[in-house]
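Down below is the structure, laid out as structure tokens.
The values are calculated or read from the model by the stated rules, or taken from the named source; none is laboratory data. For clarity, every value in this text was computed on a predicted model and none was experimentally measured. Counting neighbours? That spans all protein chains shown, and the Cβs are built from the backbone with ideal geometry, glycine included. For the accessible areas, the whole protein counts, side chains as well, though only heavy atoms, and no ligand, DNA or RNA atoms are used. Shrake-Rupley method; radii C 1.70, N 1.55, O 1.52, S 1.80 Å.
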Amino acid sequence: MESFAERINKALVARRMTAAELSRRSGIDEATISNYRKGKYEPRQVKLELVAKALDVSIGWLMGADMPMLRFGESYSPSVILSDEVEISEIAQVAAGFDKAPLSNFEYDKFAVPRSYLAGHDAGECFIVRVKGDSMYPLYIDGDRVLSRRSDALDYSGQIGIVQDGETATIKKVEFGSGWLRLVPINPAYAPRTIKGIDLEQVRIIGIPMVLLRELEEK
């Protein structure tokens, strides 16, 4: 997963923007922007939002998540008619906290998304989950839908995955090693949970998030 420093530099190139221009647009001094670019430290929530808005990118992408570099505030509305859509089943509500909701209790209707969101995957390989809770804030917030592809394994330790634990499910950054697995929230207000021993027999990876589908309230 790319670092915040790598993403902010990539965004500057993509937007053809100088560090001085980013400073002017975000209201953050140039010395701080320079430290962000060098990876000396990362911004807190308020400044993170300012940087994302100034660069016109999503907060999740800027934090290094495996997702498109969407514009800040961009969302997908199911009411918009697109030329090439595909219907994906919304199969479960997953917790962004450890008060996890029963996976089997949530069956939803089909949800239409642009076929391009599938990134070449077959529609039958994909599903949509709805986030509950705020332990993955600001990457995911309560009520978000997340288009995911089915997978029983992650590509690397530290990747965000959808994890089934018995009849419950959660979305978390997943770290793993020999004989253990750790579910790590992004929100620092929540503590990681380490699973090992016999409890690992009840845990399995069921998917990998691809695209955030967020409907913004009109103001």
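When region 120-130 is examined, which residues are found to be hydrophobic (A, V, I, L, M, F, W, C) and without any contact (Cβ under 8 Å) to a residue 60 or more places away in the chain? Within region 120-130, just Ala123 meets the criteria. Of Tyr117, Tyr190, all but one fail to be over 26 Å from Glu42 (Cα atoms), in contact (Cβ under 8 Å) with a residue 60 or more places away in the chain and among the aromatic types (Phe, Trp, Tyr); the exception is Tyr117. Within region 11-45, the set of residues being more than 23 Å from Tyr137 (Cα to Cα) and either of a type in the set (D, E, K, R) or touching an Asp or Glu at 6+ places or on another chain (Cβ under 8 Å) (or both) comprises Arg15, Arg16, Ala19, Ala20, Glu21, Ser23, Arg24, Arg25, Asp29, Glu30, Lys38. Could you please find all residues in region 13-24 being modelled with pLDDT under 90 and buried (at least 16 other Cβ atoms within 10 Å of the Cβ)? The answer is Arg15, Met17. Within region 11-35, track down each residue that is touching a residue at least 40 places away in the same chain (Cβ under 8 Å) and either closer than 24 Å to Gln159 by Cα or among the polar types (S, T, N, Q) (or both). The one that is touching a residue at least 40 places away in the same chain (Cβ under 8 Å) and either closer than 24 Å to Gln159 by Cα or among the polar types (S, T, N, Q) (or both): Ala11.
Looking only at region 189-217, which residues are out of contact with any Ser or Thr (no Cβ under 8 Å at 6 or more places or on another chain), within 21 Å of Val146 (Cβ to Cβ) and open to solvent by 50 Å² or more (accessible area, probe 1.4 Å)? Passing the criteria: Pro192, Arg193, Arg204, Glu217. Exactly one condition in (1) open to solvent by 50 Å² or more (accessible area, probe 1.4 Å); (2) at pLDDT below 90 is not met by Arg182; state its number. (2) is the only condition that Arg182 fails.
Please go through region 27-54 and give me each residue that is outside any loop (DSSP other than H, G, I, E, B) and either exposed (fewer than 13 other Cβ atoms within 10 Å of the Cβ) or modelled with pLDDT of 90 or more (or both), ordered by number.
Listed by number, the residues that qualify are Glu30, Ala31, Thr32, Ile33, Ser34, Asn35, Tyr36, Arg37, Lys38, Gln45, Val46, Val51.
The set of residues in region 156-175 that are assigned to a strand (DSSP E or B) and open to solvent by 10 Å² or more (accessible area, probe 1.4 Å) comprises Ile160, Gln164, Asp165, Thr168, Lys173, Glu175.
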